[in-house]
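K.L.:
Here it is: the structure, laid out below.
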Amino acid sequence: MKYRILFAIMLLVTLMPVTATAQTESSAYAGESFSSVMQEGIRLYNEGKTDASRYQDALNAFLYAHQLEPDQAIVIYNIARTYHRLGNCEKALNHYLLYQSIAIADSDYTDVSEYIAALTKQCGMTGTLVLHCSPSQAEVSFDGERAVLCDGMHTLKAGKHHYSVRAKGYASIEQDINIDINSVATSTVALQHSDSTTFLINRPSLWEDPIFVSGFAAASVGALASITGGILLACGYDKQSIENSTRYDRDDGLITGGAVTLALGGAALGAGIGLLIHYAISTHKTDDERIQQYRNTLSFDPVIHLSSDGASAGIQFIF
């Protein structure tokens, strides 16, 4: 029993400062009518334009009026405006939103959407947008800012945003979305392959594509090596004399070198032509997909065999 009495005394002591504070704030308007408190609050608010300290007094009046008439939309509006003047971003925004929700259908409704939009950005309040994007390498940019990987979670300031999703070889998509405070929105974006004309316009220059450059270089080197090998083979046989035109001096070194060069040239030429064909028929894929496949699967394996009987050479080409 003693413990219960002690607990009750401690609780009373704890609540006394709070009760006293509440009475101090409202005692100035105790017993006054709703309309008189509202008029006093409006007077103090107008004086705050020249004396900023008056805004706090006006807020106290409006808060007391709100206790008297909790459902009066005009009181909530005045509280929002006063918090706005005092620089209390979150409370001003919350009261504007409350006013909008209960008074938007009234004939005397004051549009507060601009205040809400400005305070939403000012307060730094955010929401989350989760995008599921196809293809996976697609990028998204919000309100013209730097593009980032599309697929995933994006934290944005609350409010309206315009975003654009792009990927090479695909038709881009642009959409508007509204992000609510502390909310999570989900959207799926599936880009469609662009037509052949658009694809050719969006493709990089031929000389920026590693597949085309590799094919062209291999074909050029292969053709040059083939010509050189042919010349070396021709030089490997030399007529001994005009009188005996059926005899030739054979230079085994030139013949071997020419055969090896010709074989390597032919292999490189074939590899280059294969790459160019591969480049030409892969237009249904994006550049990133083709380049990745090129890096993962393309390989050259030169093979050379030398012996006393001759030489052979070749290139194993895989793609």
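The values are calculated or read from the model by the stated rules, or taken from the named source; none is laboratory data. Please read these numbers as outputs of a predicted model, since none were measured by experiment. Note: ideal-geometry Cβ built from the backbone for every residue, glycine included; neighbour counts use all protein chains shown.
K.L.:
Answer yes or no: is there a residue in region 85-104 that is among the acidic types (Asp, Glu), outside any helix (DSSP H, G or I) and either under 29 Å from Cys123 (Cβ atoms) or at pLDDT below 95 (or both).
P.N.:
The answer is no; no qualifying residue exists.
Residue-wise test of (1) modelled with pLDDT under 75; (2) under 54 Å from the mean Cα position of the chain (by Cα).
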{"site": "Phe199", "(1), (2)": "yes, yes"}
{"site": "Asp209", "(1), (2)": "yes, yes"}
{"site": "Phe212", "(1), (2)": "no, yes"}
{"site": "Ala217", "(1), (2)": "no, yes"}
{"site": "Val221", "(1), (2)": "no, yes"}
{"site": "Gly253", "(1), (2)": "yes, no"}
{"site": "Ser282", "(1), (2)": "yes, yes"}
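K.L.:
Take the residues of region 125-138 that are out of contact with any strand residue (DSSP E or B) (no Cβ under 6 Å at 6 or more places or on another chain) and either within 24 Å of Leu97 (Cβ to Cβ) or without any contact (Cβ under 8 Å) to a residue 40 or more places away in the chain (or both): which is surrounded by the fewest Cβ atoms within 10 Å (Cβ to Cβ)?
P.N.:
Ser136
K.L.:
Go through region 42-79 and give me each residue that's farther than 22 Å from Ala103 by Cα, outside any helix (DSSP H, G or I) and of a type outside the set (D, E, K, R).
P.N.:
Gly48, Thr50, Ala52, Ser53
K.L.:
Which count do you get for residues in region 142-157 that are assigned to a strand (DSSP E or B), surrounded by fewer than 16 Cβ atoms within 10 Å (Cβ to Cβ) and not hydroxyl-bearing (Ser, Thr, Tyr)?
P.N.:
4
K.L.:
When residues of region 96-111 are filtered for being of a type outside the set (Ser, Thr, Tyr) and within 17 Å of His66 (Cβ to Cβ), how many remain?
P.N.:
5
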